[in-house]
1. Kindly list the number of the only condition in (1) of a type in the set (K, R); (2) under 17 Å from F23 (Cβ atoms); (3) open to solvent by 50 Å² or more (accessible area, probe 1.4 Å) that fails for R229.
2. Report whether or not T28 is surrounded by fewer than 16 Cβ atoms within 10 Å (Cβ to Cβ), outside any helix (DSSP H, G or I) and among the β-branched types (V, I, T).
3. Which pairs turn up if I take residues in segment 248-259 that are over 10 Å from P6 (Cβ atoms) and look for partners that are open to solvent by 10 Å² or more (accessible area, probe 1.4 Å) and part of a loop (DSSP other than H, G, I, E, B) with beta carbon separation below 6 Å, at least 6 apart in sequence or on another chain?
4. When residues of segment 167-186 are filtered for being in contact with a strand residue (DSSP E or B) (Cβ under 8 Å, 6 or more places away or on another chain) and buried (at least 17 other Cβ atoms within 10 Å of the Cβ), how many remain?
5. Can you tell me which of (1) part of a helix (DSSP H, G or I); (2) in contact with a helix residue (DSSP H, G or I) (Cβ under 7 Å, 6 or more places away or on another chain); (3) surrounded by fewer than 18 Cβ atoms within 10 Å (Cβ to Cβ) is the one K217 doesn't meet?
6. So, in segment 123-146, how many residues would count as being of a type outside the set (V, I, T), open to solvent by 40 Å² or more (accessible area, probe 1.4 Å) and on the phi < 0 side of the Ramachandran plot?
7. Among T82, T11, T7, which is the only one that is touching a Leu at 6+ places or on another chain (Cβ under 6 Å) and closer than 27 Å to G235 by Cβ?
8. How many residues does segment 93-105 hold that are in contact (Cβ under 8 Å) with a residue 24 or more places away in the chain and open to solvent by 10 Å² or more (accessible area, probe 1.4 Å)?
Amino acid sequence: MSKLTPTSTLTLNNGYKIPITGFGVFQTEVQETYDIVYKALETGYRHIDSAIFYHNEQQVGDAILQFLKDHPEFKRSDIFYTTKVAFAADYETAKKAIHGSFEKVKGLGYIDLFLNHSSLPDKTGRLGTWKALQEAVDEGLVRSIGVSNYGTHHLDELYGWDGLKIKPVVNQVELHPWLPRKDLQEYAKKHNYILEAYSPLTQAKKLDAPELVSIAKKHNVSTAQVLLRWSYDQGFLPLPKTVNPKRLLPNLTVLDDVELDQEDLANLDFPDSYEVLTWDPTTFHDGDEFNYPG
């Protein structure tokens, strides 16, 4: 594999390219989204990750369109836009939601990647959503589809379903040294899809961890940069988020500015750790009680 740079792309299992430097807008306030996404694009990010649940799809789409208008040297195909449908109870609900998301960013012409946001609420919802996502690809609204917050039993269900026509290109889950999810890593290798890491910066909850602080001081970088570099070194595609424009460039240039050695990686190797810092639908089984976020 050639050396990764901030402008590198990975090839999805359907042949499309995905920029390796992603930018997430989870919990970004609606009134802040347009400006920070536009600034991220100006800084060099080419991959923006939103969701219906974030309530900021419209602002992301508007920022991308304005950036393309202001910078004619870039084409629509240079920007990768992801969104997600959440908690659809059945096929019809999912289909309506997917079309609603497309209408919000219709000026983009298509959505690069659409995910089922979680394993909730049940099998009917999961498979109904996948059927609707497959149809969105057939209709030309969406290029690639994937899952998020799926555990191995949810993936087994999808891959064993006789209605499966289009396989997922990614599974997006919480990933960091304290939640490496070795089982999902192996599953991704077996089925040739990419693991996207949300909350790769641990929502700042681990930035003062002694292991991180020591490595950051050794390389004269921030602990956030160490975490992002670790994520890339695992083969993940991290999706950091920030509303602070000053953090955009350091997060973007990690692949140029930070290099971890084997000792560093060993000090961040916690293969049996399972410290969830957000929420965890990967362990959900139909019939379980679950407190929905928000």
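1. That leaves (3) as the condition not met.
2. no
3. Short answer, once both residue conditions are applied: V258/V221.
4. Total meeting the criteria: 11.
5. It fails just one condition, (2).
6. 6
7. The conditions single out T82.
8. The total comes to 7.
The values are calculated or read from the model by the stated rules, or taken from the named source; none is laboratory data. The structure presented is a predicted model; accordingly, all values stated were derived computationally and were not measured. Note that each Cβ is placed from the backbone with ideal geometry, even for glycine, and that neighbours are counted across all protein chains shown. Surface areas here come from the heavy atoms of the whole protein model, side chains and all, with no ligands, DNA or RNA. Shrake-Rupley method; radii C 1.70, N 1.55, O 1.52, S 1.80 Å.
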